[in-house]
Structure formats: structure tokens, C-alpha cells
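Colleague: Pasting in a structure now, in C-alpha cells, and then I'll have a few things to ask.
A short reminder: the numbers here are calculations on the coordinates, not readings from a lab. If you're wondering where the values come from, they're calculated on a predicted model, not measured in any experiment. Here the Cβ positions follow ideal geometry from the backbone for every residue, glycine too, while neighbour counts run over all protein chains shown.
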Ligand code: CA2
């Protein structure tokens, strides 16, 4: 295995597939986890998949990722996207390559969803592809990590 990727999910994402299917689709968080595991495996990575409704717990997960020497992080910060200086600081502190993912196209929605704190520390941002965005984020992160390793652009 090339390494470990932490996939982190913020508040209310445990409700995926049970509410608001017009915005977030019908797949459950278990389906997202399976998709992430399958995608990571194709690239030789394993994943640690977590969800929390609590800001501090998400920060603990980010610090744990660094402690476990994870290769990188994929995070859907959900409702903490535009407000959490603390999650931004955690990502800046651990310096792990981080890809931010959103199921919906946040830029086509209410303006309060547009300005992400987390994007300031992310290597890349994906939104609007539904849960497929998680697979794209993992593939993209695997490619970034490979390029970092070989020094190629
Ligand atoms: O599109 C995304 O992935 C979001 O990060 C989802 C967040 C929202 O606050 C962001 O602006 C965009 C909300 C997550 C709530 O998840 C639910 C899932 C199913 C049903 C209800 C909420």
C-alpha cells in the first residue's frame, strides 16, 4: 500500500440518503465509504473514513491523521466550510495535502455557501459532482502525491 488517506465528513452528512435527495442524492454515507475504499484501493491507498457533527472532533481527526503519518486528507467540512477558522488552522498546522469536496455545487447555491475557509488551505477543491466528487478527490490526491514524490509538475 502506498499509504493512508483520511476521508473526513462534517456535520449532518450522516443523514445522506435519508433527507434532501434533490440536493444531495440518494446514496448513503455507507455508500460513500464503499466508493472511497474502492477508489483508494485502485490507487494503492487505504482509507480511514470518519464523520462527526462536532467541530473539535473533526480537528482531533486531522491531528490524528498527522500522528498516523497519513499521506493526505479528503474533507467535506459541510456546515463548517465557511465558518471554521479552527479547522483551517488544523489543516495548516499538520501540513498534509488536503482536498476539499462538496457534493453539491456550492457556487450555484446561496451566497453564504460560497466563501470557504477551508479552501485557503486546500491543495484542490471539487464540488457539484455528487458523491462521485469523493472518488475524484481521492484520484486527484493520489496523483498529487505521486507528483510530489517524483518532483514532477
Ligand atoms: O454539498 C456539500 O457537500 C455541502 O458541504 C453539504 C453541507 C452544506 O452546508 C455545504 O454548503 C455543502 C450540508 C451537509 C448536510 O448534509 C445533509 C445530507 C442529507 C440531508 C440533509 C443534510
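Colleague: If you rank 18, 150, 83, 98 by fewest surrounding Cβ atoms within 10 Å, what's the result? Don't skip to the end; give the middle numbers.
Modeller: Numbers: 18 11, 150 8, 83 14, 98 26.
Arranged by neighbour count, lowest to highest, 18, 150, 83, 98 become 150, 18, 83, 98.
Colleague: So what's the gap between the Cα centers of region 60-107 and region 1-36, to the nearest angstrom?
Modeller: Here the two parts' Cα centres lie 15 Å apart.
Colleague: Sticking with this structure for a sec: For the chain, set up a GNM with springs between Cα atoms under 10 Å and report which of 77, 11, 97 has the largest fluctuation.
Modeller: 11
Colleague: Can you compute the helix-only [θ] at 222 nm over the chain? Use -39500 (n - 2.57) per DSSP H run of at least 4 residues, normalise by all residues, nearest 500 deg cm²/dmol.
Modeller: Details: 5 runs with 60 residues, N = 153.
Using -39500 (n - 2.57) per qualifying helix, the result is -12000 deg cm²/dmol.
Colleague: Does region 1-77 classify as rounded, prolate or oblate by the C-alpha gyration tensor (a ≥ b ≥ c root eigenvalues; a/c under 1.5 gives rounded; else a/b over b/c gives prolate, otherwise oblate)?
Modeller: On the way: a/c = 3.32, a/b = 1.33, b/c = 2.49.
Oblate shape, in that a/c is at least 1.5 and b/c is the bigger or equal ratio.
Colleague: Compute the acute angle (0 to 90°) between the alpha-carbon long axis of helix 132-150 and the principal axis of greatest extent of the alpha-carbon atoms of the chain; round to the nearest 10°.
Modeller: It is inclined by approximately 20 degrees.
Colleague: Next question, about the same structure. Can you sort 149, 41 so the residue with the fewest Cβ neighbours within 10 Å comes first? Intermediate results must be reported in sequence, preceding the final value.
Modeller: Working: 149 10, 41 13.
By the 10 Å Cβ count, ascending: 149, 41.
Colleague: Among 45, 112, 61, which one shows the highest mean-square fluctuation when the chain is modelled as a Gaussian network with alpha-carbon springs under 10 Å?
Modeller: The residue that fluctuates most here is 112.
Colleague: At residue 82 and residue 68, where each label point lies 7 Å from the Cα along Cα→Cβ, what is the point-to-point distance in nanometres?
Modeller: Here the modelled spin labels are 3.2 nm apart.
Colleague: Of 101, 85, 32, which is the most mobile in a GNM of the chain whose springs link Cα atoms less than 10 angstrom apart?
Modeller: Its mean-square fluctuation being the largest, the pick is 85.
Colleague: Largest first, please: the extent of the C-alpha atoms of the chain along each principal axis, to the nearest Å.
Modeller: For the chain, the Cα spread along each principal axis is 41, 31, 28 Å.
Colleague: Can you tell me the mean projection area, over all orientations, of the convex hull of region 77-153's alpha carbons? Units nm², please.
Modeller: Hull-based average projected area comes out at 5.3 nm².
Colleague: So how do 36, 127 line up by other beta-carbon neighbours within 10 Å, fewest first? Can you show the working numbers first?
Modeller: On the way: 36 22, 127 19.
In order of increasing Cβ crowding within 10 Å: 127, 36.
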